[in-house]
1. With r as the distance between the Cβ atoms of residue 253 and residue 136 and R0 = 22 Å, compute the FRET efficiency 1/(1 + (r/R0)^6) and round to 0.05.
2. Which FRET efficiency value, to the nearest 0.05, do you get for residue 213 and residue 272 by plugging their Cβ-Cβ distance into 1/(1 + (r/R0)^6) with R0 = 22 Å?
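What follows draws every value from the coordinates through simple rules; no lab data is involved. Being a predicted model, the structure only gives us computed values, none of them experimental. Cβ sites come from the backbone with ideal geometry, for glycine too, and all protein chains shown count toward neighbours.
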C-alpha cells in the first residue's frame, strides 16, 4: 500500500494534456472545411460531447444490441446542431450508435444519455428548474454558461486562455450516479467555487496529522483481487477533525474504505477550515 497526502486544490493541467487525456483530437472532428486550419469553437464543444459519451459510466445499462445513445441539444440553433451531428456521425460507443437531436422539454431530455444546454443562463429562464428535475435521472448534463454548475449542472465548458476546457460539479455527478475515472476528473479546470464555499479561502500549507489509521482493505475486495488508487478530498475543521470527505476517484469499494478511515483522522488545529487531498493505493495482497 502507498499513501500520499498534500494540501490545496488539484493542480492545473495545461490544455494540451487535458485535450490528449480525453482523446479530444482532430481525428475525432473529422476533416476540416477547405481553408480551415483549426477547428471552430463549436466543433471543439461537439468533440467534448463525443468524448464524454465514450468515457462516462452510466448508472444503468443500455439495452443490448444496436440501441442508440442519445445526445440532446437544448437551445441550440440549427447550425450548431448540424456541427454536433457531423462530429458524431458514424461514431459508436460499444454497440450503440450515437444520435443527436434537439430537445426542449424535460420529458424529451429524460430519454437522452447526454443533454447539452446551449447558454442556459442567458437564453432559457427555465433552465435551472429543468436541470434540477434531471439531476437524478441518470442523464449527463453539460452546459456552457458561468451559472450552469451553480444551477446543478454536471460539466461546464468554459473559455480558458482562448481555448475551451471543462469544469466539473462532482456533487451533481455523485447524485446522478454517473462516473468518470479519476484520471479524467483530474483534467478538469480547477476553481469551481461552490464545491466547498466555506473553505474557498483555505490556507494551502500542509496540516500535519495527529492521528490516522490506514484504510482497512475490504474483504469483498480481497475476494475480487481488487487493487487501485483512491483519491479523496477532506474538509477539515479548525479544530482538526474531519467534517466531510468527498471521493474524487477510485473504485467504489475501495473508496468507501478510504472515506471511513479519513473521517476518523485528526489534524493539527488551524485558524480556518482547510481542504486536504488524500491519495491511497491498494496494492496486491
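1. Numbers: r = 22 Å, r/R0 = 1.02.
The calculated FRET efficiency here is 0.45.
2. On the way: r = 26 Å, r/R0 = 1.16.
My answer for the efficiency is 0.30.
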